[in-house]
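Read the structure below first, then the notes.
The values are calculated or read from the model by the stated rules, or taken from the named source; none is laboratory data. Remember, it's a predicted structure, so these values are computed and weren't measured experimentally. Heads up, the Cβs are rebuilt from the backbone with ideal geometry, glycines too, and the neighbour counts pull from every protein chain shown. When the accessible area is computed, the model is the full protein with side chains, heavy atoms only, and any ligands, DNA or RNA have been set aside. Shrake-Rupley method; radii C 1.70, N 1.55, O 1.52, S 1.80 Å.
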Amino acid sequence: MDSHEGNGVGNGAGNGVGNGAGNGASESLPPPPPVPPNVEPEQVLEPAKKKVVRVPIARRGLGSKGNKIPILTNHFKVNVTNVNGDFFHYSVALFYEDGRPVDGKGIGRKVLDRVHDTYDTELAGKDFAYDGEKSLFTLGPLPRNKLEFTIVLEDVVSNRNNGNKSPGSPNDDRKRQRRPYNSKTFKVEISFAAKIPMQSIANALRGQESENSQEALRVLDIILRQHASKQGCLLVRQSFFHNDPKNFVDVGGGVLGCRGFHSSFRTTQGGLSLNIDVSTTMIIQPGPVVDFLIANQNVKDPFQIDWAKVAIFRLTVVTVAKRTLKNLRIKTNPANTEFKICGLSEKPCKEQMFSLKKGKDEDGEIQTVEVTVYDYFVNHRNIELRYSGDLPCINVGKPKRPTYFPLELCSLVSLQRYTKSLSTFQRSSLVEKSRQKPQERMRVLTDALKVNNYDAEPMLRSCGISINNNFTQVEGRVLPAPKKFVEPATVERWAVVNFSARCDVRGLIRDLTRIGESKGIKIEAPFDVFEESPQNRRAPPPVRVDKMFEDVQSKLPGAPKFLLCLLPERKNCDIYGPWKRKNLADFGIVTQCMAPTRVNDQYLTNLILKINAKLGGLNSLLSVEGSPSMPLISKVPTMIIGMDVSHGSPGQSDVPSIAAVVSSRNWPFISRYRASVRTQSPKVEMIDSLYKRVSDTEDDGILREALLEFYVSSGKRKPDQIIIFRFEVSPIIYLYVDGKSGYTSTTWHGINRDGVSESQFNQVLNIELDQIIEACKCLDEKWSPKFVVIVAQKNHHTKFFQPGSPDNVPPGTVIDNKGTTRPTHYHVLLDEVGFSADELQELVHSLSYVYQRSTTAISVVAPICYAHLAATQVGTFMKFEEFSETSSSHGGLTSAGPAPVPQLPKLQAAVCNSMFFC
């Protein structure tokens, strides 16, 4: 029963029956009338107990273990002298001349800039910070609580202005000569909303965080955004990107990586600081539209572009090219006018007709003639067209009132974000081209601070804000590496399947055996090598997989324990998902896929690590596992859980999300894990299947599987402690663990200014944790384990450097005296066990070393990495992208309500508790 139903019935019963009984009237009342035979008495429920709402715990102190070292961080100290002033918040409303509200993005800043330039006196000479939408802030009040202005903007680009005209007709040319620009009148209303004391920033620095301090810091960040906007930057939240080709890197497919910087104010334990970091976003390759399409479709010339290939988008069949170009901004030759792409013409330029106005007849009626777009531009405008005649035109008008331009006259403007997911090749290319050594990153950040010249920003000057040019120095502590030894498995009863990969398979087997023996892993000779039949290579992926399994089954004496699969392309090729599903869900066979390109000893070493873990071996064991050095873990049965939710790629808003929960087994060890994976409604961040009641005594949730396996593998012990690592949200203490590209952190308390993380914290504590407790109670009503809940986030902008050294910060470096209000890595929301700072840091550090795919530490605890791997791998079982983007089978909303989410197949018993995801 839902909680609100319980409250309603409970209150009613308490007020009615309870009050009567309390007056002592029950003895003098007559007996109740008999109940008619066809009426069933209603059950009177007990009043619902008031639910305890959990909140994140406060920080318990700093750690002390490890060797101290100095660290530099990309926070620049900020001094504020004007803390006695007030920010005044005003609401902004924009209207067209006829009273319609302005809904176009990007126009607001142009309008408010004109207001500032035109009405300086009416604004009392004040500068303001405008967020580009509905909020404006000033230091001190404006002359009146409500102000209204009227301004005129020239060169306002809008489909509303240009969609109703034929392309470049003679009449349009004459109009353009008489009035060389479009103009638009706007009405602006500015109304007082709230006052924000700047003193709240000083209060936050003393630990007195409040809504006002969050709002004041938000104003400072809006000032940074406005400053970047006036420099012509692309704005992506608090990251800013200049239109400078030297910041662009080509990652293929008509997509560029654009390097910019993140800039935001942070309250820290050391005071207010400006956090500046390198940031990257993806943009469309600027220049001729045809060049972008050639690169995007990987063809050689315009005539190889596939204009006919279709996709289903918003329940409408559209061509891939049309969907790719829709809403992109272009400039057209020769007028150099900017438009937004609406679509493509149905016919080629030489065949696409439109009505050309030819003036008026004797009766004043407008005469028109039907001409092709090609004929108009070539013969009427005298513009040479080299290749556009046989290609579709670009439509910049309305679907029903189009305005066409030949393809070769259209060029994409710069700094347009590319929001679709990157291919594996594009991602690897971006990573390769974006690598920076610590000293180079420090130089880039120092240059960014100088170039932006924040000291000259008028609003910041009015606030009395000055920014130090030096990196802030903090103290770190280096913890020792805890790894110990290897527990090898034996690779036996196995075979190799080759899906047409070009390689020396026998040589690969020899090298794999050699590398395995060097690691103490015995690899027996395989039963056979199964080569894919050439006639199957062009079949659909599931068919290729089925044919391969038929071949394997017909020739092997029994079911293999392990299959090594050679993929014809990179690992994420179309065969990968069906192959994994067939092995794990249908047959219960451990399998390892590989793409045999650039194979060397290091590659094979990593492959052996994965195979060993999947077959039940251990590549490493912590020296502290099962020892008295971790008494809170080794003396009390403890289960460690990692949880993650992965969502569909950008542009796939209705693809089901995938939730994964990874849990430890074989206590007192913390190096072996199993995984459970379920689908859930699209874009739902909270895991909704941790506890899934199917009857009064039955639970079909994820946690039940994890708890039962822990009990079986840990000597029939129930976990008295459950430590939950949830990806992702907020931190205060940074713990470097890999010494290469990333780091992790441990934290106790922090507040995210936009409130999103705090909301997520509360949901984790009061929704997900409640489900976990229910799962425990369903197994044993008297069982009450203690919980530790830690949320982790990797996407933050605090970086660390060693002073005067070209090396990264060493693995195991803990920094717990540089707290920020920005989410970072580990945030401890609940600790019923009672960890000390040192104990918790040591646990996090240790869990970063149990990752069986690596011989060194990784940048986030292994259970979270495993959860991400499991969600990604099992997610390939279902080809979600084959469905419509808004297909009801994806679990989106339909007219009948929420649609069902397709379920993933269950894994066979032989592999469900293995580290198949490794």
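In the range 213-229, the count of residues that are under 17 Å from residue 90 (Cα atoms), in a helix (DSSP H, G or I), open to solvent by 50 Å² or more (accessible area, probe 1.4 Å) and among the acidic types (Asp, Glu) is one or more. In the range 343-366, what count of residues is obtained for those that are modelled with pLDDT of 90 or more, farther than 10 Å from residue 404 by Cβ and either crowded, with 16+ Cβ neighbours inside 10 Å or not assigned by the TED database to the domain that holds residue 380 (or both)? Matching residues across the range 343-366 total 2.
Within the range 417-437, the set of residues being small (Gly, Ala, Ser) and free of Cβ contacts under 8 Å to residues at least 12 places away in the same chain comprises just one member, 428.
Specify the residue that is surrounded by the fewest Cβ atoms within 10 Å (Cβ to Cβ); the eligible residues are those in the range 287-298 that are closer than 20 Å to residue 427 by Cα and not hydrophobic (A, V, I, L, M, F, W, C).
Ranking the candidates gives 298 first.
Listed here are the strands (runs of 3 or more DSSP E) enclosed by the range 479-577 that have at least 1 residues being open to solvent by less than 50 Å² (accessible area, probe 1.4 Å): 494-498, 529-531, 562-566. Within the range 407-443, can you find the residues that are polar (S, T, N, Q), open to solvent by 70 Å² or more (accessible area, probe 1.4 Å) and at pLDDT 85 or above? Answer for the range 407-443, where residues must be polar (S, T, N, Q), open to solvent by 70 Å² or more (accessible area, probe 1.4 Å) and at pLDDT 85 or above: just 439. Scanning the range 81-101 turns up no residue that is at pLDDT 75 or above, over 25 Å from residue 800 (Cα atoms), within 30 Å of the chain's Cα centre (by Cα) and buried (at least 17 other Cβ atoms within 10 Å of the Cβ). Could you tell me whether the range 715-730 includes any residue that is farther than 19 Å from residue 647 by Cβ, in contact with a His (Cβ under 9 Å, 6 or more places away or on another chain) and either at pLDDT 90 or above or open to solvent by less than 50 Å² (accessible area, probe 1.4 Å) (or both)? Yes - at least one qualifying residue is present in the range 715-730.
Go through the range 338-368 and give me each residue that's part of a strand (DSSP E or B), basic (Lys, Arg) and over 41 Å from the mean Cα position of the chain (by Cα). 357, 358, 360 - these are the residues of the range 338-368 that are part of a strand (DSSP E or B), basic (Lys, Arg) and over 41 Å from the mean Cα position of the chain (by Cα).
Every condition in (1) more than 17 Å from residue 675 (Cα to Cα); (2) of a type outside the set (S, T, N, Q); (3) free of Cβ contacts under 8 Å to residues at least 12 places away in the same chain; (4) open to solvent by less than 80 Å² (accessible area, probe 1.4 Å) is met by residue 700 except one, and the failing one is (1). Within the range 779-794, identify whether any single residue is modelled with pLDDT under 85, out of contact with any helix residue (DSSP H, G or I) (no Cβ under 7 Å at 6 or more places or on another chain) and either open to solvent by 10 Å² or more (accessible area, probe 1.4 Å) or closer than 18 Å to residue 438 by Cα (or both), and answer yes or no. Yes - at least one qualifying residue is present in the range 779-794. As for the range 236-250, it holds at least one residue that is in a helix (DSSP H, G or I) and touching a Cys at 6+ places or on another chain (Cβ under 8 Å).
Looking at residue 59, is it open to solvent by less than 70 Å² (accessible area, probe 1.4 Å), of a type in the set (Lys, Arg) and at pLDDT below 85? So residue 59 fits the description; yes.
Okay, residues lined up against (1) within 25 Å of the chain's Cα centre (by Cα); (2) of a type outside the set (A, V, I, L, M); (3) open to solvent by 10 Å² or more (accessible area, probe 1.4 Å); (4) within 30 Å of residue 417 (Cα to Cα):
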residue: 184; (1), (2), (3), (4): no, yes, yes, yes
residue: 192; (1), (2), (3), (4): no, yes, yes, no
residue: 195; (1), (2), (3), (4): no, yes, yes, no
residue: 240; (1), (2), (3), (4): yes, yes, no, yes
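Taken together, the criteria place residue 280 among residues that are touching a residue at least 60 places away in the same chain (Cβ under 8 Å) and either open to solvent by 30 Å² or more (accessible area, probe 1.4 Å) or in the same structural domain as residue 801 (by the TED database) (or both).
When residues of the range 128-155 are filtered for being open to solvent by less than 80 Å² (accessible area, probe 1.4 Å) and in a strand (DSSP E or B), how many remain?
Residues in the range 128-155 being open to solvent by less than 80 Å² (accessible area, probe 1.4 Å) and in a strand (DSSP E or B): 15 in total.
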